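The values are calculated or read from the model by the stated rules, or taken from the named source; none is laboratory data. Since we're looking at a predicted model, the values are computed, not measured. Here Cβ is always computed from backbone atoms with ideal geometry, including for glycine, and neighbour counts include all displayed protein chains.
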Amino acid sequence: MTNTGEFNQRSVRNYRGVILAGDFSRELKSRVASCISNLRLFENTGNPAIAYLSAWWEVKETIWYEFVSERLANLLGCKSEKVADFLRNNIVERREYKYMGDSASITQEIIDRLELDRSKAVMREEVVKMGAVDAVYRVALDEDNSVWLKDQAIIETYSKDGIVISLGWLAVISKEMEAEEELKLAQKELKTYRDHLEDLVKERNLELLETNERLLKEIHEREQAEVSLKVKSQHLEEVNTALKVLLKQREDDKKAIEGAVVSNVKELINPYIEKLEQCKLSQNQRTLLGILESNLNNIVSPFISRISSKLLNLTPMEIKVAALVKDGKTNQEIADLLFLAKNTILVHRHHIRTKLKINNKKANLRSYLLSLEG
């Protein structure tokens with residue numbers, strides 16, 4: 001036995017191969033031990049590729065795995081030491097894809113199970129010569145199920161040992177191959193359709209011409225209808241715009257009239273009413289003055305209505321106080337106008353601020369009421 005140094009079956013845990021325990025060169029054992037160590041590290045990375053290290057012994061014409069991922073054994077449904085036999089007996093098809101020179105076209109070489117059995121020796125010589133494997137295999141799992149595996153490996157030959165090792169990775173590509181088959185079927189159906197298309201065109205040519213003419217006429221009529229609809233739509237849009245302008249102008253005029261009425265009452269009439277209220281009047285005169293003031297309030301009711309609608313939770317007296325505050329009256333002036341004490345007016349103002357939720361804010365009550373107008 002050659003000098004193997006530290007490279008033996010005990011130097012690699014859970015070793016199930018042949019080379020480290022056999023009479024082989026130190027160079028080969030060193031390479032195998034290094035590959036196994038690296039492949040185990042690769043397994044721990046979580047990469048989906050399935051790593052393996054296989055060996056072929058020319059003298060005994062036998063193949064086995066020095067290292068094989070447990071995931072491959074689980075995928076095939078066999079034990080790790082049985083993977084080589086399983087694959088040898090269950091590979092039913094081999095495909096190899098080759099580029100044609102510098103062109104982008106690819107040729108596909110398909111070898112079935114029968115041909116595989118006849119040409120194993122030739123294929124092995126080819127991969128050893130090339131120093132690499134790049135192929136796709138279909139492996140039967142049982143009578144009804146199979147899996148497609150893509151194999152990429154580098155081939156190393158150790159002539160003095162009579163050993164060829166293959167360091168590679170397998171990838172499950174069943175979905176991709178199913179998609180390829182579906183694409184082939186679609187291409188075949190497309191070719192069939194194209195083969196019959198010319199006859200179909202000849203038979204339907206007249207009908208298509210008539211259909212095209214009818215469609216062109218319908219398209220023209222539809223285009224005309226769209227133009228007419230566009231014109232009507234534009235006209236309606238212009239009318240709608242004009243109506244909006246008129247409505248806005250009407251609303252503006254209404255506000256202007258209301259403002260003018262309120263302004264005239266406040267500036268031309270209210271000052272004199274206030275002066276009259278401060279005069280010594282008989283009971284009959286005060287009654288008439290009250291009627292006059294009530295009628296004037298009816299005239300300026302649009303403002304009172306707007307204030308009321310926005311201040312629905314205020315009492316009638318609070319609304320009166322709010323209106324006078326909005327007009328800029330002082331607390332004393334409001335008290336005199338409403339025949340109330342000044343402190344009562346202050347209480348009403350506090351209630352108004354509370355109900356408007358500005359009691360804890362620095363907002364000016366008159367400014368806030370003015371912002372509600374309109």
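A few comments on the model shown:
- Taking the criterion of being loosely packed, with under 13 Cβ neighbours inside 10 Å, assigned to a strand (DSSP E or B) and either basic (Lys, Arg) or at pLDDT below 85 (or both), the residues of segment 94-123 that qualify are TYR97, LYS98, TYR99, ILE106, THR107, GLN108.
- Residues of segment 45-70 that are hydroxyl-bearing (Ser, Thr, Tyr), under 16 Å from ALA153 (Cα atoms) and in a strand (DSSP E or B): TYR52, SER54, TYR65.
- In this structure, ARG40 does not satisfy being modelled with pLDDT under 95, closer than 22 Å to LYS60 by Cα, surrounded by fewer than 19 Cβ atoms within 10 Å (Cβ to Cβ) and under 50 Å from the mean Cα position of the chain (by Cα).
- Any chance LEU289 is modelled with pLDDT under 85, touching an Asp or Glu at 6+ places or on another chain (Cβ under 8 Å), surrounded by fewer than 16 Cβ atoms within 10 Å (Cβ to Cβ) and outside the structural domain of TYR368 (by TED's automatic domain parsing): yes
- Qualifying residue in segment 184-200 (condition: within 27 Å of LEU75 (Cβ to Cβ) and either outside the structural domain of LEU53 (by TED's automatic domain parsing) or surrounded by 15 or more Cβ atoms within 10 Å (Cβ to Cβ) (or both)): yes
- Residue match in segment 260-268 (condition: under 19 Å from ALA323 (Cα atoms), aliphatic (A, V, I, L, M), exposed (fewer than 10 other Cβ atoms within 10 Å of the Cβ) and modelled with pLDDT under 85): yes
- When residues of segment 71-92 are limited to those that are touching a residue at least 60 places away in the same chain (Cβ under 8 Å) and out of contact with any Lys or Arg (no Cβ under 9 Å at 6 or more places or on another chain), the one nearest to GLN152 (Cα to Cα): LEU72
- Subset tally (residues that are at pLDDT 80 or above and in a helix (DSSP H, G or I)) for segment 296-334: 15
- Test: residue in segment 135-157 that is over 48 Å from the mean Cα position of the chain (by Cα), closer than 22 Å to TYR15 by Cα and of a type outside the set (Lys, Arg): yes
- Long-range neighbours under 8 Å by Cβ, at least six apart or interchain, first residue surrounded by 10 or more Cβ atoms within 10 Å (Cβ to Cβ) within segment 202-213, second of a type outside the set (Phe, Trp, Tyr) and assigned to a helix (DSSP H, G or I): LEU208/VAL201
- Residue check for VAL139: in contact (Cβ under 8 Å) with a residue 60 or more places away in the chain and out of contact with any Phe, Trp or Tyr (no Cβ under 6 Å at 6 or more places or on another chain): yes
- The selection criterion, being modelled with pLDDT of 90 or more and loosely packed, with under 10 Cβ neighbours inside 10 Å, does not hold for SER174.
- Pairs meeting the criteria (first residue in segment 106-126 and under 17 Å from GLY162 (Cα atoms), second residue surrounded by 11 or more Cβ atoms within 10 Å (Cβ to Cβ), beta carbons under 9 Å, at least 6 apart or on different chains) are ARG124/TRP56; ARG124/VAL164.
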